[in-house]
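Student: Below you'll find the structure I mean.
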Amino acid sequence: MSTSYKDLGLVNTKEMFAKAIAGKYAVPAYNFNNLEQLQAIVQACVESKSPVILQVSSGARKYANANLLRNMAKGAVEFAKELGCEIPIALHLDHGDTFELCKDCVDSGFSSVMIDGSHHSYEENIALTKKVVEYAHAHGVTVEGELGVLAGVEDDVVAEHSTYTKPEEVVDFVKRTGVDSLAISIGTSHGANKFTPAQCTRNENGVLIPPPLRFDILEEIEKQLPGFPIVLHGSSSVPQEEVETINKYGGALKDSVGIPEEQLRKAAQSAVCKINIDSDGRLAMTAAIRKVFAEKPGEFDPRKYLGPARDALKELYKHKNENVLGSAGKA
Ligand code: G3H
Ligand code: 13P
Ligand code: ZN
């Protein structure tokens, strides 16, 4: 039996994005896999009165159980109300790679899905995306497509540079697929190691400064698709204080460089109306847990280390909403 997202109290991304473009801010899309991450997202977004997109990857579905996750999202809507603010909440499939996965999510209560056909040929990407759009739209579910490929942590510089989104393709892609939003590639990438030190310069404090995002490509895309919602993946900033805390308490993170928040602030004021952040949350959680383990080695109650991790996550998300994406106060 299928479940509509409306029965779970969720919304799709249509109105969220229209408001974000008009208001020159971006809606946060935070990934979650477990209870503490979800609690932190909801608390932070209620406290900062921000709309939010709860993001679930196929890995998260395998890890946490799809049915459980769907009911957690329903619980998130009720939790937000209980906290005193009815913020718009979307449940979104992150990086769906097949029609069947997207269909399953539509049928099980997701209000938005991403079909990531960016690793296919252009024509195959269009055919797959169009098929997902037809099914999703029949159920009121919004769809994010992707053009251009983001590098993963292990990919090399040359591959990353050769797969920026081509502005001359975007109009044709959007028209032929019917997508509601488009993820683009302008120099962000997934994970905590977005740039190699060789790609960066060092400032006077020895901090690695990455090359700027390709705002020229973004501007060209905006010219081609005026007012159309654009999505930025791979937008963690990899705060150096989190990396230092992790390494201080026994971690071994090397050459971890992210996207400077200044650049995300600039992007959020453009047609970019959804910004995806996962790795920063992973770092904040890991730093907090490592600190408890190092300082209180006798501690073995999970609430005593997951609780501080949840608090750190909440502060991180509030900071993003208030100081980077500009979504605070927009719910
Ligand atoms: O872009 C990918 C997200 O960070 C999700 O990562 O597939 O490990 O859950 P995951
Ligand atoms: P980060 O790895 O930069 O957090 O990106 C997350 C993302 O794009 C999820 O789709
Ligand atoms: Zn992504």
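Student: List the lysines whose alpha-carbon lies under 26 Å from that of Lys103, not counting same-chain residues fewer than 8 positions away?
Tutor: Partners found: Lys6, Lys14, Lys62, Lys74, Lys130, Lys131, Lys175, Lys274.
Student: For region 34-100 and region 189-224, compute the distance between their C-alpha centroids and round to whole Å.
Tutor: Answer, in whole Å: 29.
Student: May I pose another question? Show log10 I(q)/I(0) for the chain at q = 0.06, 0.09, 0.10, 0.14 Å⁻¹, two decimals, from a solvent-free Debye sum over equal Cα scatterers.
Tutor: Log-scaled intensity ratios, in q order: -0.19, -0.45, -0.55, -1.12.
Student: Run the helix sum for the chain: -39,500 (n - 2.57) per DSSP H stretch of 4+ residues, divided by residue count, reported at 222 nm to the nearest 500 deg cm²/dmol.
Tutor: The helix-only estimate for the chain comes to -14000 deg cm²/dmol at 222 nm.
Student: Ordered by packing density, taken as the mean number of other Cβ atoms within 10 Å over each peptide's residues, highest first, how do 168-174, 295-301 rank?
Tutor: 168-174, 295-301
Student: What is the packing order of peptides 321-329, 211-219, taking the mean over residues of other C-beta atoms within 10 Å and listing the highest first?
Tutor: Descending mean neighbour count gives 321-329, 211-219.
Student: Could you state the principal axis extents of the C-alpha atoms in region 80-123, from the largest down, to the nearest angstrom?
Tutor: Principal extents (Cα only, largest first): 47, 19, 11 Å.
Student: Please identify every one of the GluC sites (Glu not before Pro) in region 33-96 that sits in a loop by DSSP and has no more than 16 other beta carbons within 10 Å of its own beta carbon.
Tutor: Passing sites in region 33-96 are Glu86.
Student: Go through region 229-331 and name the trypsin sites (Lys or Arg not before Pro) that are in a DSSP coil and have 14 or fewer other Cβ atoms within 10 Å of their Cβ.
Tutor: Those satisfying the criteria are Lys254.
Student: How many percent of the alpha carbon pairs in region 206-260 exceed a separation of 13 Å?
Tutor: 69
Student: Take each of the peptides 102-109, 179-186, average the number of other beta-carbon atoms within 10 Å over its residues, and list them starting from the highest.
Tutor: Listed from highest to lowest mean packing, they are 179-186, 102-109.
Student: What would the Debye equation give as log₁₀ I(q)/I(0) for region 248-293 at q = 0.13, 0.32 Å⁻¹, counting only Cα atoms as equal point scatterers?
Tutor: For the requested q values the scattering log ratios are -0.44, -1.21.
Values quoted throughout were computed directly from the atomic coordinates according to the rules given, and no laboratory measurement underlies them. A quick note: this is a predicted structure, and the numbers were derived from the prediction, not measured. So basically every Cβ, Gly included, is an ideal-geometry build from the backbone, and we count neighbours across all protein chains shown.
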